[in-house]
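Structure first, then comments.
Since every read-out is calculated from the coordinates, none of them should be taken as a lab result. Note that the structure is predicted; figures quoted are calculated from it, not measured. Here the Cβ positions follow ideal geometry from the backbone for every residue, glycine too, while neighbour counts run over all protein chains shown.
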Amino acid sequence: MKPAPFEYYAPTTLEDALGILVAHGDDAKVLAGGQSLVPMLNLRLARFDALVDLRRVAPLKDVTRSDGHLEIGSMVRQCTVETSDVVAGALPLLAAATPLIGHFQIRNRGTVGGSIAHADPAAEYPAVALALDAEMEIAGSAGRRRVRAADFFRDTWETALAPGEILAGVRFAVWGRRSGFAVEEVARRYGDFAIAGCACGVQVDGTAVVRAAVALFGVASTPIRCPAAEHALVGADVQGIDCIEVGGIAAETLEPPGDLHASSGLRRRIAATVVRRALRRALDDATDA
């Protein structure tokens, strides 16, 4: 099938893009790579009178490190993240998640902002943003504002972006020394959306865990943090951590949806497994650092 007719815009400035969105209102949609939007348009699952392509807005492709943070423009492509030494050094969790996204053809066109703004609950980048307490830089006709990842994801494909606003970038805090990260997921086939997955980070001081982040994806209508699992980790001696127990803690309160790929109970068991695997790898990474 082919999409319904639409007007195509390719502005060169963020201000022009925002102006077009305001002019068309709810009938306009941002195109930030199109790896999710274009198939939906082709299947007529979505229809818009105007598409605003951000690929020519150069400032949205910047990667900037300063003051202990790394800010990634929304139009930075996933393949750029995958091969960037700057990202690998500052945000190992984001770098680790990227090869799990679709296939290389998808990553050649897909963007950081496109994935996060699309807010698929089984996608990797939203969970990474949540685990790392990222801040979303949102631009609108009234100016800019920042929204924490914890407040950004509202429901399946629903975010805190208001009509006429654009996700301009994502600001990540860079963790300190002796930090370890890992992403684990289970999917039907490589490149498929995850049935359940975990993005995990730990920081160690001496023999104790001083910081922990455990985020799950594919098990709810948004990515979710696991505060009980994080609480069990912070202050614990690295050698005494039972990763199986922590995985069970993370999964015990979950009520994941069931579908043709996995029942609710199976998703819960997979969630416990991916937490165990990701935590083990993150601890090994932190203690080897």
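Over the chain, calculate the relative contact order: mean separation of alpha carbon pairs under 8 Å at least 6 apart, over the residue count, as a percent.
Values: 660 pairs, mean separation 45.0, N = 289.
It comes to 16 percent, rounded to a whole number.
Loop-located trypsin sites (Lys or Arg not before Pro) in the stretch 34-102 (DSSP state other than H, G, I, E, B) with a sparse environment of at most 15 neighbouring Cβ atoms within 10 Å: Arg44, Arg47, Arg56.
For the chain, what is the mean residue ellipticity at 222 nm derived from helices alone (per DSSP H run of n ≥ 4: -39500 (n - 2.57); sum divided by total residues; nearest 500 deg cm²/dmol)?
On the way: 12 runs with 101 residues, N = 289.
Value at 222 nm, helices only, nearest 500: -9500 deg cm²/dmol.
The GNM of the chain, with springs linking C-alpha atoms under 10 angstrom apart, assigns the highest mean-square fluctuation among Gly206, Gly197, Gly19 to Gly206.
For the pair the stretch 151-224 / the stretch 248-289, the C-alpha centres are spaced 13 Å from each other.
Return the loop-located chymotrypsin sites (Phe, Trp or Tyr not before Pro) in the stretch 148-252 (DSSP other than H, G, I, E, B) with at most 10 other Cβ atoms within 10 Å of their own Cβ; answer none if there are none. Walk me through the numbers on the way to the answer.
Details: sites: Phe152, Phe153, Trp157, Phe172, Trp175, Phe181, Tyr190, Phe193, Phe217; in loops: Trp157, Trp175, Tyr190, Phe193.
Passing sites in the stretch 148-252 are Tyr190.
Long hydrophobic helices in the chain: the complete DSSP H runs spanning 20 Å or more by Cα along their own axis with mean Kyte-Doolittle hydropathy of at least -0.5 are 264-288.
Take every DSSP beta bridge whose two residues both sit in the chain, then give the antiparallel share in percent to the nearest 5. If we restrict to bridges inside the chain, about 85 percent are antiparallel. Here are labelled values, (i) 24.7, 83; (ii) 19.9, 68; (iii) 19.1, 61, and one is the computed Rg and Dmax of the Cα atoms in Å for what I pasted. Which one? Recomputing Rg and Dmax of the Cα atoms in Å here gives the entry labelled (iii). For the stretch 142-289, the relative contact order comes to 26 percent (Cα pairs under 8 Å, sequence separation of at least 6). Between amide H atoms placed 1.01 Å from N, distances below 5 Å from Val210 occur with Gln203, Val204, Asp205, Gly235, all of them 5 or more places distant or on a separate chain.
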